[in-house]
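Asker: Could you have a look at this structure, given as structure tokens, before my questions?
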Amino acid sequence: MKKIAILGSTGSIGTQTLEIVRTNKDLEVTALAAGRNIDLLEEQIREFRPKLAAVWSEELASELKSRIRDLDVEVCAGMDGLLAVAAQPDSEILVTAIVGMIGILPTIEAIKAGKDIALANKETLVTAGHIIMPLAEEYHVSILPVDSEHSAIFQSLQGGQEKALHKILLTASGGPFRGKKRDELVNIQVEDALKHPNWEMGRKITIDSSTMVNKGLEVIEAKWLFGVSVDQIQVVVQPQSIIHSMVEYEDGAVIAQLGTPDMKLPIQYALYYPERRFLPGERLDFYKLSQITFEQPDMETFYGLRLAIEAGKKGGSLPTVFNAANERAVAMFLDRKIGYLDIPAIIQECMEHHRNIENPSVDEILKTEQETYEFIKNRW
């Protein structure tokens, strides 16, 4: 029986993780954490019977505790709750599926408690990769990628030839606005940006995909996960989302991972690695698949990707500024407070304003995040 804890159990990755638990009787959930959706969290608790549950606010924690008083489940709140879930004694692996830099401290706590990490929270490595990866090595735990693209790279490296890696080919769908120019995006509304052509995702990551900022975050994450330079990562637009990413070796051989757009595959692969299990669902039919096409990303129209590559190359605290500025700008766009093209403009202005810290501590990372938020508040 493999025992897992989940941060972000009511979100897209969290709910799909629990779908995998339903179909595999040798998985047991020991702890769940969610933000504010205690209706769904209560359903999950009653179905999976974890020992521990956490929500963000004390008020919601109190309400949840009252609702499940008939069950033997401990309920906690806030960052202390997330840390408790991360280090829950019985779990072997932590699925980090919460969005944002809030995932840094729980991931560190889980590593120090000897838990393997199934990582779906890209912001943790984007902003603190220089801390997380050495710490995982020190405590002999595995960081197993759950992002579709990073899982594809991880799978393509399973031949054991990491030292012969020459280049990572990180694929992107191009999002709903692929092929458009900047003047065509001026009047884009929230509803337009939420219509991803291939993937079912949460609202924030769907907006990030439309701006290609998400691909920029994935470039920085890949740098840390696979120990490569940003210059060794090439973004390739692959609109059908069939090739999830590729690895080019020193001899020119390219190994790719293909499949239908289904996040349950990388989730299950991370949970059972190195074992592969049967996964119900649609399969690729190469007789019906008419073509797989490739394009170069348009980094002038979608210049958030270019800014991410710049941040990834410079490193230090600049990726934190990039990430924090994007988080706040996307939230403002979803609240209809700014226009669509203001998202990369805000990111650029924040990066230009920031004085980079070369090797930031966790405290400096979190302080940089707050300073970025404050700068946006005063300027926008």
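The values are calculated or read from the model by the stated rules, or taken from the named source; none is laboratory data. If you're wondering where the values come from, they're calculated on a predicted model, not measured in any experiment. Note: ideal-geometry Cβ built from the backbone for every residue, glycine included; neighbour counts use all protein chains shown. For the accessible areas, the whole protein counts, side chains as well, though only heavy atoms, and no ligand, DNA or RNA atoms are used. Shrake-Rupley method; radii C 1.70, N 1.55, O 1.52, S 1.80 Å.
Asker: Given Cα positions, please report Rg to Rh for the range 242-380, the hydrodynamic radius being the Kirkwood one. Kindly include the intermediate steps, with their values, before the conclusion.
Answerer: On the way: Rg = 20.0 Å, Rh = 18.5 Å.
Result: Rg/Rh = 1.08.
Asker: On to the next question. Report, in debye and to the nearest 20, how large the dipole of the range 50-91 comes out about its Cα centre when Lys and Arg carry +1 and Asp and Glu carry -1 on their Cβ.
Answerer: 80
Asker: Along the positive direction of the dipole of the range 189-254 (beta-carbon charges: Lys, Arg +1; Asp, Glu -1; about the Cα centre), which of V230, I220, M201 reaches farthest?
Answerer: M201
Asker: Let me ask something else about it. Calculate, in nm to one decimal, what A345 and M299 gain on full extension: separation in residues at 0.36 nm each, minus their alpha carbon distance.
Answerer: In short, 15.2 nm is gained.
Asker: Give the cross-link partners of K112 among the aspartates and glutamates, using a straight C-alpha distance below 13 Å as the criterion and excluding same-chain residues fewer than 8 apart.
Answerer: Partners within reach: E92, E137, E138.
Asker: Now, a different point. For the chain, build the charge dipole from Cβ charges (+1 Lys, Arg; -1 Asp, Glu) around the Cα centre, then report which of I111, V99, G315 sits farthest towards its positive end.
Answerer: Highest projection toward the positive end goes to V99.
Asker: Under 13 Å Cα to Cα from K181, which aspartates and glutamates show up? Leave out anything in the same chain fewer than 8 places away.
Answerer: D298, E300
Asker: Suppose every Lys and Arg Cβ carries +1 and every Asp and Glu Cβ carries -1, with no other charges. What dipole size does the chain come out with about its Cα centre, to the nearest 20 debye?
Answerer: Dipole of the chain, to the nearest 20 debye: 440 debye.
Asker: Once the range 179-295 is represented by equal point scatterers at the alpha-carbon sites, with solvent omitted, what log10 I(q)/I(0) does the Debye formula produce at q = 0.12, 0.13, 0.15, 0.21 Å⁻¹?
Answerer: -0.58, -0.69, -0.92, -1.54
Asker: With all protein chains present, how much of the accessible area of the chain (probe radius 1.4 Å) comes from carbon and sulfur, to the nearest whole percent?
Answerer: 47
Asker: Let me ask something additional. Run through all the Cα pairs of the range 1-110 and give the fraction in each 10 Å bin from 0, expressed as whole percent.
Answerer: Histogramming the range 1-110 at 10 Å steps yields 16, 54, 28, 1 percent.
Asker: How far apart, in nanometres, would the label points at V186 and D70 be if each is projected 7 angstrom from Cα along the Cα-to-Cβ direction?
Answerer: 6.0
Asker: At 7 Å along the Cα-to-beta-carbon direction for both E162 and E137, put a label point, then send me their distance in nm to one decimal.
Answerer: Going by the 7 Å Cα→Cβ label model, 0.9 nm.
Asker: Next up: Throw me the Rg/Rh for the range 37-84, computed over C-alpha atoms with Kirkwood Rh, two decimals. Provide the component values of the computation, followed by the final result.
Answerer: Values: Rg = 9.5 Å, Rh = 10.4 Å.
Rounded to two decimals, Rg/Rh equals 0.91.
Asker: What are the extents of the Cα atoms of the chain along their three principal axes, in Å, largest first?
Answerer: 57, 53, 41
Asker: What order do you get for 181-190, 112-121 when each peptide is scored by the mean count of other beta carbon atoms within 10 Å, highest first? Walk me through the numbers before you get to the answer.
Answerer: Details: 181-190: 12.2, 112-121: 22.5.
Order by mean packing, descending: 112-121, 181-190.
Asker: Continuing with this model, one more query. List the aspartates and glutamates whose alpha-carbon lies under 18 Å from that of K204, not counting same-chain residues fewer than 8 positions away?
Answerer: Candidates past the 8-residue exclusion: E123, D147, E149, E191, D192, E218, E221, E327, D335, D342, E369.
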